[in-house]
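Everything on this sheet refers to the single structure shown next.
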Amino acid sequence: MGLITETNSQYYSGQQTFPNINNVSNPTFTCTFNTKVISAFDSTGAQVGSASNYTIYINGVAQTESLSYISDSLNNVITLRNGPYTSTSLYIQLKQQAIDENYGSYEYVSLKNIVNNFMLIYVGIDKLIPRISRNDVIFHAKRGLQEFSYDTLKSIKSQELTVPNNLGVPIPQDYVNYVRASWVDQGGVQHIIYPVNNLTSSPFSLPIQDSAGIPTQNTFEQNLQANTSITEDRWDLENANNITGDITRDNTDVYSRDWWKLTFGERYGLEPQVTQQNGWFQINERTGRFTFSSDLVDKIIVLEYISDGLAYDMDSKVPKMAEDALYSHINHCILASRSNTPEYLVQRYQKERSAKLRNAKIRLSNIKLGEIVQVMRGKSKQIKH
């Protein structure tokens, strides 16, 4: 059987049509969307979520969201309360966000399906693994997805944010490590914001000292902590031009002979870290925020970061190009964790895991021959004098 179960209408328009009903109370509808239908209401009509991701239309009229709920989440079954209902046209329409999230979903396989397939193919009598708990397979599958996400899958997510007056934005909920930060100009072009590195820092602890420099304690014998950092306050107030040496027509007369006498040769030997106008950012572990230099206030920034792929439990997705590598990873981890497994078998599946992981990296690198040719042609330009 084919792997695509949605119709074209379901995939592109997010719409599924159902047979008409005649004087039916509490009708049920089994949806075959790849998308999981979500209702913001329970069987009593009480609101349990922010919003539903679908709307039921009967005779062209949208039904009130509080009248429907998910009666079987495993099989995507919706029940419409009350009634009776009679229809000449009946369909369920996904909301636009749910439609957008489903686009391109065929390139992924869910972690739940990975576990199901592994239990079916690799576990059983006369197979590589005679028996194992499903929970053990889930554990190794999650750990594999975690490890793959850092170096192979590169589960890069991004947020578009505005730098507020306090110059800080919270670290994203599923953040593991940052990829880059950039600010966006009026043309939509991104400009990379560089980390502060050794320019400044955000102290993790702020003990209040006495005149002898000794940290003071409260009545519970714990160090008293200051509310704000002096280092951070000074950095927030610093003018970026004092660091970058930025010379503009607004702050100096570059045509003045006195300016040339004073600044001649000053820019030789400057470090690239400070000879740029895009600002800086740092991670403040004490406050759990990304903080930015004062010249970026009110600017639109794009924060790109890596997640570990496990933020949404078993709904996590694995690219199909890495599916075989994850099976090998689970195989190797299970065999390596058992005391009676022959060492040659462990080594064999370790090599197989490494080989398939290498293949997955090559596939996911998405290198195209045409793009390589384009780059090489760009290197063969004639230099004119």
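The values are calculated or read from the model by the stated rules, or taken from the named source; none is laboratory data. None of these values were measured; they are calculated from a predicted model. Here the Cβ is made from the backbone with ideal geometry for all residues, glycine too, and neighbour counts use every protein chain on show.
Overview of results
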{"read-out": "Evaluation of GLN10 against (1) crowded, with 17+ Cβ neighbours inside 10 Å; (2) touching a helix residue (DSSP H, G or I) at 6+ places or on another chain (Cβ under 8 Å); (3) more than 17 Å from SER73 (Cα to Cα) (one fails), failing number", "value": "(2)"}
{"read-out": "Pairs with Cβ under 6 Å, 6+ apart, first in segment 162-185 and touching a residue at least 40 places away in the same chain (Cβ under 8 Å), second part of a loop (DSSP other than H, G, I, E, B)", "value": "VAL163/VAL297; VAL163/LYS299; ILE171/GLY288; ASP174/SER307; ASP174/ALA311; VAL176/SER307; VAL176/ASP308; TRP183/LYS299"}
{"read-out": "Residue match in segment 153-160 (condition: outside any helix (DSSP H, G or I), among the aliphatic types (A, V, I, L, M) and touching a helix residue (DSSP H, G or I) at 6+ places or on another chain (Cβ under 9 Å))", "value": "yes"}
{"read-out": "Failed criterion for TYR175 (all others in (1) of a type in the set (Phe, Trp, Tyr); (2) within 14 Å of ILE283 (Cα to Cα); (3) part of a helix (DSSP H, G or I) hold)", "value": "(3)"}
{"read-out": "Test set (1) surrounded by fewer than 13 Cβ atoms within 10 Å (Cβ to Cβ); (2) of a type outside the set (Ser, Thr, Tyr); (3) touching a residue at least 12 places away in the same chain (Cβ under 8 Å) - VAL77 fails condition number", "value": "(1)"}
{"read-out": "Meets criteria (surrounded by 14 or more Cβ atoms within 10 Å (Cβ to Cβ), modelled with pLDDT of 90 or more and either touching a Phe, Trp or Tyr at 6+ places or on another chain (Cβ under 7 Å) or among the polar types (S, T, N, Q) (or both)) for LEU94", "value": "yes"}
{"read-out": "Identity of the residue in segment 143-158, farther than 27 Å from TRP183 by Cβ and surrounded by fewer than 20 Cβ atoms within 10 Å (Cβ to Cβ), that ends up modelled with the lowest pLDDT", "value": "ASP151"}
{"read-out": "Segment 109-150: number of residues that are farther than 15 Å from HIS329 by Cβ, under 27 Å from the mean Cα position of the chain (by Cα) and in a helix (DSSP H, G or I)", "value": "4"}
{"read-out": "Answer from VAL184, VAL176 - the residue that is of a type in the set (A, V, I, L, M, F, W, C) and closer than 20 Å to ILE300 by Cα", "value": "VAL184"}
